[in-house]
Amino acid sequence: MKYIRQKIPDLLVIEPAIHKDLRGYFFETFRKNFLEQTLKSKINFVQDNESMSSKGVLRGLHYQISPHSQSKLVRVVSGSILDVAVDIRNNSPTFGMHIAVELNQSNKRQLFIPKGFAHGFLVLSDSAVVSYKTDNYYSKDSERGIAYNDPKLSIDWMLKLNEIIVSDKDKVHPNFSFEKIYF
């Protein structure tokens, strides 16, 4: 596996070594010891989640507050998404910055997102199945969100805003604030 640090260094794109032959392909989707060596810290994933969404569906930008904040390891089983992580760590030099990475069934890339980031994704293909691991359990009381279309964040979602399908819950998230303490 190849671990590629992003412009926000705590975010990692993971490219697997894919072994192909006449039968198809094989690759490791997760290897704890390699990820911990790269992070230089322990990780203990406790929950796996999977969603299926249609083209234009945007899920996010979500995060959980302490004591239920989560690191995530996101991958696409089928289809293609634009995966976005926004740094909400107030003392971070990259506070308020984001990265956007295309994850799809062909490139088999994954995105590691540590605690302290809001996360969302937009489905670019006709449909997509997204799978992700978390290192803390979901807690409804700790769930929070940021408006996906906040002009201060300037996220290029690669679709026109009127083509994006968002849940009622995600439509009412507040805009990002550089003064608010998130994490």
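The values are calculated or read from the model by the stated rules, or taken from the named source; none is laboratory data. What you see is a predicted model, and the numbers here were worked out from it, not measured in a lab. Glycine gets a Cβ as well: all are built from the backbone with ideal geometry, and neighbour counts include every protein chain shown.
Scanning the stretch 155-179 for residues that are at pLDDT 95 or above and of a type in the set (Gly, Ala, Ser) returns a single hit, Ser167.
Would you point out which residue out of Tyr148, Tyr182 is surrounded by 18 or more Cβ atoms within 10 Å (Cβ to Cβ), at pLDDT below 95 and part of a loop (DSSP other than H, G, I, E, B)? One residue alone meets the criteria, Tyr182. The condition (being surrounded by fewer than 17 Cβ atoms within 10 Å (Cβ to Cβ), in contact (Cβ under 8 Å) with a residue 12 or more places away in the chain, within 13 Å of the chain's Cα centre (by Cα) and more than 18 Å from Ile155 (Cβ to Cβ)) is satisfied by just one residue among Glu28, Glu50, Glu15: Glu50. Hey, any hits in the stretch 78-89 for a residue that's under 23 Å from Ser127 (Cα atoms), among the β-branched types (Val, Ile, Thr), buried (at least 18 other Cβ atoms within 10 Å of the Cβ) and in contact (Cβ under 8 Å) with a residue 40 or more places away in the chain? Yes; the residues of the stretch 78-89 include at least one that is under 23 Å from Ser127 (Cα atoms), among the β-branched types (Val, Ile, Thr), buried (at least 18 other Cβ atoms within 10 Å of the Cβ) and in contact (Cβ under 8 Å) with a residue 40 or more places away in the chain.
Quick check on Leu61: is it in contact with a Phe, Trp or Tyr (Cβ under 8 Å, 6 or more places away or on another chain), farther than 25 Å from Ile181 by Cβ and touching a residue at least 60 places away in the same chain (Cβ under 8 Å)?
The answer is no for Leu61.
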